[in-house]
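Enquirer: One structure is given below, represented as structure tokens, and several questions about it will come after.
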């Protein structure tokens with residue numbers, strides 16, 4: 001997935017990096033979320049997480065997920 005392509009399509013979320021935990025088969029996106037009152041939250045959001053059945057594999061699905 002391309003961080004720049006995703007960031008162009010999001011307004012209040014900035015993708016910083018992508019990380020994988022290969023042994024656990026998990027993938028995370030590191031983000032910075034800016035709320036309307038300028039509060040900034042930095043953290044990691046799982047987007048491929050077998051324990052919960054979350055399997056996002058395309059950029060468009062990830063963008064829709066981050067917009068929620």
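The values are calculated or read from the model by the stated rules, or taken from the named source; none is laboratory data. Computed from a predicted model, the values in this text were never measured in an experiment. Cβ atoms come from the backbone with ideal geometry, glycine included; neighbour counts cover every protein chain shown.
Enquirer: Can you tell which of 17, 61, 37, 30 is free of Cβ contacts under 8 Å to residues at least 24 places away in the same chain, surrounded by 15 or more Cβ atoms within 10 Å (Cβ to Cβ) and either outside any strand (DSSP E or B) or touching a strand residue (DSSP E or B) at 6+ places or on another chain (Cβ under 9 Å) (or both)? Steps first, answer last, please.
Expert: On the way: 17 fails: surrounded by 15 or more Cβ atoms within 10 Å (Cβ to Cβ); 61 fails: surrounded by 15 or more Cβ atoms within 10 Å (Cβ to Cβ); 37 fails: surrounded by 15 or more Cβ atoms within 10 Å (Cβ to Cβ).
Only one candidate passes the filter, namely 30.
Enquirer: Would you confirm whether any residue within segment 44-51 is surrounded by 11 or more Cβ atoms within 10 Å (Cβ to Cβ), assigned to a loop (DSSP other than H, G, I, E, B), modelled with pLDDT under 95 and touching a strand residue (DSSP E or B) at 6+ places or on another chain (Cβ under 8 Å)?
Expert: yes
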